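Below is one structure, written out as structure tokens; the observations come after it.
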Amino acid sequence: MPKLLLPNYGQHITFLGATGSGKSVLACKMLEQYERYLAIDTQDSLDIKGKVIKNPASLKLQYKLQDRIKYTPQPDFISSGYFNRIFKEVLGSSTKRHPNPRIIYIDEIFHIGFGQSFPSWLPKSIATARQRQLSFWISTQRPRCIPMPVLSEASKIYVFYLNKEDDVKYVSSFARTDKKLLEQSLYEQKDDYSFIEIDARKGTWQKYPKLKL
């Protein structure tokens, strides 16, 4: 199997898969290879290093001081209004002329989606961030139900087991060749913790072996 190549700052990627399929494990393993990241962990479930912040009022200051941050908001701060402000501040922290590279990882986008009513600054940030060397890494269970820029702007898509047939067919459409073979491979993933890497730019894909969880 080829070695998994880590994306550069500025490359957006998406992790797809049902709960417990392994997507967060892979994301954390990859994230630990970078010096600068902001992990938005609303469930306080990620096993990664970093300054833990629970109040958005202190996030802006710590964003300037800390390279590795895990933002675990208290329940009172989990709202689209707060996340709109966070995404706006994160995007404004880096410019094309003065880039401040960082990965922004959102663990399960539906935890900030509030019934699929996603913060308006999320798609705006994703569409603009690449020029500023900011990367959005996003995990989700339901790829068909998330904002279009999440997948359309992603350069790599890492797929674990999808338990909805319409999601499987949707993800298979990102391949330019061997779409039927990709679709069959996605159906076969259940319980084996392997994952498939799709290069959304080239339309190619590669299956990787079972993760050690």
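Bear in mind these aren't lab numbers, they're just calculated from the coordinates by the rules spelled out. Quick caveat, the model's predicted, so the values are computed rather than measured. Note that we place each Cβ from the backbone using ideal geometry, even for glycine, and neighbour counts take in every protein chain shown.
Structure note, pairs 180/212; 124/164; 180/207; 23/88: Cα-Cα distances above 18 angstrom occur for 180/212; 124/164; 23/88.
Taking the centroid of alpha carbons for each part, region 172-192 and region 126-147 are 22 Å apart.
When you count the other C-beta atoms within 10 angstrom of each residue and take the mean per peptide, 155-163, 63-71 line up highest first as 155-163, 63-71. Charge dipole (Cα centre; +1 on Lys/Arg Cβ, -1 on Asp/Glu Cβ; no other charges) of the chain amounts to roughly 800 debye. Selection among 17, 105, 205 by position relative to the dipole of region 12-208 gives 105 as farthest towards the positive end (Cβ unit charges, Cα centre). Judged by the gyration tensor of its Cα atoms, with axes a ≥ b ≥ c, region 1-147 is rounded; a/c sits under the 1.5 cut. Placing +1 on the Cβ of every Lys and Arg and -1 on the Cβ of every Asp and Glu, with no other charges, gives region 1-104 a dipole of roughly 380 debye about its Cα centre. Near the amide H of residue 68, within less than 5 Å, lie the amide hydrogens of 37, 51, all on another chain or at least 5 residues away, with H placed in the peptide plane.
Summarising the amide proton neighbourhood of residue 205: residues at separation of 5 or more, or on other chains, whose placed amide H is nearer than 5 Å comprise 199. Within the shell of other residues whose beta carbon sits under 11 angstrom from the beta carbon of residue 89, the net charge comes to +4, with Lys and Arg scored +1 and Asp and Glu -1.
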